[in-house]
Amino acid sequence: MIMRIFQVVTRPGKEEEFGKFFHETAIPLMRSTKGIVQVLPGAPRPDHPREFSFVMVWESLDALKAFVGDDYENPHIDPAEAELVESRSIKHYDLVGLIT
């Protein structure tokens with residue numbers, strides 16, 4: 001299994017608008033995506049009010065590539081959210097174990 005950690009920093013003043021997209025669009029989309037075993041969405045904390053994240057556990061690298069394509073190592077965002085995002089990062093790991 002592959003653990004994918006996706007982090008976004010919003011543009012200043014865009015936290016609320018991105019938060020709406022995050023909760024109403026991104027989380028439901030990821031939870032319904034084929035090949036994902038688990039999704040852990042992370043909302044901002046007061047000390048970092050512009051940072052959002054997803055930790056996703058994928059069945060396999062092939063499942064991840066089926067969703068994002070061969071260029072899976074670069075973070076992709078929906079064009080509708082591009083104006084809201086200042087920066088984004090992505091990391092991948094082999095999952096050692098899943099605690100339920």
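The values are calculated or read from the model by the stated rules, or taken from the named source; none is laboratory data. Only a predicted model underlies this, so the values are computations on that prediction, with no experimental measurement involved. Backbone-built Cβ (ideal geometry, glycine too); neighbour counts: all protein chains shown. To get the accessible areas, we keep the full protein, side chains included, count just its heavy atoms, and leave off ligands, DNA and RNA. Shrake-Rupley method; radii C 1.70, N 1.55, O 1.52, S 1.80 Å.
Hey, could you check segment 74-90 for residues that are open to solvent by 80 Å² or more (accessible area, probe 1.4 Å) and free of Cβ contacts under 8 Å to residues at least 24 places away in the same chain and say which is farthest from GLU24 (Cα to Cα)?
HIS76
Among the residues that make up segment 68-75, is at least one of them farther than 21 Å from PHE21 by Cα and of a type in the set (S, T, N, Q)?
The answer is no; no qualifying residue exists.
Identify, please: which residue in segment 10-31 is β-branched (Val, Ile, Thr) and modelled with pLDDT under 95 and is, among those, least open to solvent (accessible area, probe 1.4 Å)?
ILE27
Tally the residues that are open to solvent by less than 70 Å² (accessible area, probe 1.4 Å), touching a Gly at 6+ places or on another chain (Cβ under 6 Å) and either within 16 Å of MET1 (Cβ to Cβ) or of a type in the set (A, V, I, L, M) (or both), restricting the search to segment 32-73.
Result for segment 32-73: 2.
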